[in-house]
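For reference, the structure is listed below as structure tokens.
The values are calculated or read from the model by the stated rules, or taken from the named source; none is laboratory data. Everything numeric here is computed off the predicted structure, so don't read it as measured data. Cβ placement follows ideal geometry from the backbone for every residue including glycine, while neighbour counts extend to all protein chains displayed.
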Amino acid sequence: MLQTLAAAGLTGLATGLGAFPFFFARRLPRRLYDGILGLGAGLMLAAATLGLLAEALAGVRGAAGLDTVVLGKVVLGFLLGVIVAAIMDRFIPHRHAGGHHDHIGPEALAHEERPEELRHSYAIVGALSIHRIPEGFAIGAGFAAGHGSRLGWLLVMSVGIQNICEGVVMGAPLRLSGVSPWRGLAVVAASGLAIPLGALLGHALSASAVSTLPIVLALAGGILIYVTSNEVIPESHSHGHEGTASSGVVLGFLLTMIIGAVLR
């Protein structure tokens, strides 16, 4: 458990690294911003499919053939994860692709009055912090899966890099709102504290009974896939830089593949 908490804590603090570019620039080019979002999306998709779901399905086929009970647990967990993510999408303020009435982008923030900017900026940080709990949940479940914690460390590395990308997403509106670089760094880094909380929950549920592990792993995978496809990818493709964003997705997926191969 201590290893899980320490790893999750470091992963959360990695978010602060994404705020460092704003010590040197007030804004980033939109194309670069979309590429970073795509990279984060690729990392999450690969972590969910090559890591969480692959591990959840590992016990589906045994000596007696297809184990329909385990398969049912994986399907149930995945669908529960999608439902949880959909509920979060409905009731928690968050970013949407361009044109949506809830969408708040760096360009829009640049043209608002400062009090309104700050309110929206902190709303973005708060919402993304809550959305980080599933990432911690996945890490906790990954360490509980055992196998020398290979899955846990794969998720730590993938989520850690993705958190740096998220740090850029949170740092951009804060900087445009007039928040100082140091204050922005502190706020963005603190947002990562939600990850250890999620890791505790994921580890506890997974370790409570061996039979629950496929459900929890699939649940975490379902959440990550839904959030990535519903929010991150549409956002990265909504400003005319689809090629850059898609290249980021491919690069993120490839990077996670390589990390997974090295950890085997």
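Okay, here's what the table says:
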quantity	calculated
Options ALA46, ALA54, ALA86: the member that is more than 27 Å from HIS241 (Cβ to Cβ), small (Gly, Ala, Ser), modelled with pLDDT of 85 or more and within 16 Å of the chain's Cα centre (by Cα)	ALA86
Answer from LEU200, LEU251 - the residue that is aliphatic (A, V, I, L, M) and within 20 Å of VAL84 (Cβ to Cβ)	LEU200
Count of residues meeting criterion [buried (at least 20 other Cβ atoms within 10 Å of the Cβ), over 16 Å from the mean Cα position of the chain (by Cα) and assigned to a helix (DSSP H, G or I)] in segment 220-251	2
Residue check, ALA199 crowded, with 24+ Cβ neighbours inside 10 Å, assigned to a helix (DSSP H, G or I) and touching a Gly at 6+ places or on another chain (Cβ under 6 Å)	yes
Residue in segment 165-176 that is over 15 Å from LEU17 (Cα atoms), assigned to a helix (DSSP H, G or I), touching a residue at least 12 places away in the same chain (Cβ under 8 Å) and more than 20 Å from the chain's Cα centre (by Cα) present	yes
Test result for LEU128, at pLDDT 55 or above, closer than 25 Å to ILE233 by Cα and in contact with a Phe, Trp or Tyr (Cβ under 8 Å, 6 or more places away or on another chain)	no
THR15 vs. criteria under 13 Å from the mean Cα position of the chain (by Cα) and either under 25 Å from MET257 (Cβ atoms) or in a loop (DSSP other than H, G, I, E, B) (or both)	yes
Yes/no for ARG95 being among the charged types (D, E, K, R) and modelled with pLDDT of 80 or more	no
Residue check for ALA64: small (Gly, Ala, Ser), surrounded by 15 or more Cβ atoms within 10 Å (Cβ to Cβ), modelled with pLDDT under 80 and over 20 Å from HIS237 (Cβ atoms)	no
Residue satisfying condition, being touching a helix residue (DSSP H, G or I) at 6+ places or on another chain (Cβ under 7 Å) and either not in a helix (DSSP H, G or I) or not polar (S, T, N, Q) (or both), within set LEU254, LEU217	LEU217
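This table checks each residue for (1) within 27 Å of ASN230 (Cα to Cα); (2) not polar (S, T, N, Q).
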position: GLN3; (1), (2): no, no
position: GLY9; (1), (2): yes, yes
position: LEU13; (1), (2): yes, yes
position: ARG26; (1), (2): no, yes
position: TYR33; (1), (2): yes, yes
position: LEU39; (1), (2): yes, yes
position: GLY42; (1), (2): yes, yes
position: ALA46; (1), (2): yes, yes
position: ARG61; (1), (2): no, yes
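Rundown of residues vs (1) loosely packed, with under 15 Cβ neighbours inside 10 Å; (2) out of contact with any helix residue (DSSP H, G or I) (no Cβ under 6 Å at 6 or more places or on another chain); (3) closer than 22 Å to LEU28 by Cα; (4) modelled with pLDDT of 75 or more, yes/no style:
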site: LEU71; (1), (2), (3), (4): no, yes, no, yes
site: ILE104; (1), (2), (3), (4): no, no, yes, no
site: LEU118; (1), (2), (3), (4): no, yes, yes, no
site: GLY140; (1), (2), (3), (4): no, no, no, yes
